[in-house]
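This report refers to the structure that appears directly beneath it.
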Amino acid sequence: MKLHQLNYFIAVAEEGHVGRAAARLNISQPPLTRQIQQLEQELGVALFERHASGMALTEPGKLFLEEARHARSVLELAIDRVKRAGRGELGRLDVGIFGSGILGTIPRIIHQFRSRYPGIDVSIHSMTKDAQIHALRNRTLSVAFNRLLEPLPDITIECVEREPIFLAVNTNSGLAKEDSLKLGNLKKESFILFPTVGRPGFIEKARGICHDLGFVPRVAQEVGDVMTGVALVASGFGVAMVPKSATAIDIEHVVYKPLVDLPDSAKVDLSCVYMTDDTSPILARFLETLREVTESVQ
């Protein structure tokens, strides 16, 4: 049984006349009659009673009309969903994120994407850099966000933004009274560095910046993530260099100060990464949204 046979049957049932149904379907009457006869033969029941004035549904025909309308509706919905999936408007997108990255531009990108494509389920996974790369390669992630990534032959790295670095300080510190700070003047401060996973990463970036300013930071703690680092600042363990996105962490006894003596090269990148050979229309839609959002905030 084919979809066009259901459409032919429904048209004849609704018109009650083969001639009118043929005109409605824009086909000639003989092939329509043959299709109805073939359908009855396939089902083994008479669907219509033939009269001089037209055709009336039998009791099995009335039941089949209900089922045919339902089947056509289900099939049309399935076809529509497949077409939408092919256009990248329906399906699932798995996104890998990390630490401070989720605090800045990424939420705006994801919110815009979900608003634009409500038929796509977006699943967020917090993962280390190495875990993200592995998941991209085995296709359990579609796209990921991270910092300070090394070039890889099979993965595209697309810079989303380059963030300036701020200093998280305790409000009881004299540093909190300053509008801005020079990192080069803070050689005697105790530093909290992060993260201890996903190296090379921001922890090496922070050390390198201090080195370029002529000192080795006094390290009070090395911790796994930015939230723990800022919490230790609140507890008075020291200061912490953080990317701008991390300044969204609102925690008691912590304020963020711009560092005015850092060169432009000290900015830290936030990049989007995905498999270069991934031709998924959903990924294409996501990247399109990402580029629109990043262009609008630059």
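Just so you know, all these numbers are worked out from the coordinates, no wet-lab data involved. For clarity, every value in this text was computed on a predicted model and none was experimentally measured. Cβ: placed from backbone, ideal geometry, glycine included. Neighbour counts: every protein chain shown.
Key figures for this structure:
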| read-out | value |
| --- | --- |
| Euclidean distance of C-alpha centroids, segment 250-278 and segment 118-153, integer Å | 19 Å |
| Zero-based 5 Å bins, Cα pair distances in the chain, whole percents | 1, 5, 10, 12, 11, 9, 7, 6, 5, 5, 4, 4, 4, 4, 4, 4, 3, 2, 1, 0, 0 |
| Segment 200-246 - convex hull of the alpha-carbon atoms, volume per residue in Å³ | 82 Å³ |
| Exposed-site-free run, longest, the chain (rule: trypsin sites (Lys or Arg not before Pro); DSSP loop; at most 16 other C-beta within 10 Å) | 3-86 |
| Linear extension gain, residue 278 paired with residue 112, 0.36 nm per residue minus alpha-carbon span | 57.6 nm |
| Nonlocal Lys pairs with alpha-carbon distance under 22 Å, the chain (8 or more apart, or different chains) | 25 |
| Neighbour-count order for 128, 156, fewest beta carbons within 10 angstrom listed first | 156, 128 |
| Paramagnetic reach from residue 1 (point 7 Å along Cα→Cβ, amide N under 14 Å) across segment 50-65 | 60-65 |
| Helix-only mean residue ellipticity at 222 nm for the chain, each DSSP H run of n ≥ 4 adding -39500 (n - 2.57), per residue, nearest 500 | -13000 deg cm²/dmol |
| Span from the segment 160-225 Cα centroid across to the segment 76-116 one, whole angstrom | 35 Å |
| Cβ-based exposure ranking for 222, 15, in which fewest neighbours within 10 Å come first | 222, 15 |
| Two-site FRET efficiency, residue 171 against residue 218, from Cβ-Cβ distance with R₀ of 30 Å, rounded to 0.05 | 0.90 |
| Sites residue 37 and residue 83 - FRET efficiency at Förster radius 45 Å, r taken between beta-carbons, to 0.05 | 0.85 |
| Net +/- balance of residues flanking residue 166 in space, Cβ distance below 11 Å, scoring K and R +1, D and E -1 | +1 |
| Fraction in percent of alpha-carbon pairs per bin - 5 Å, segment 165-266 | 2, 14, 26, 29, 20, 7, 1 |
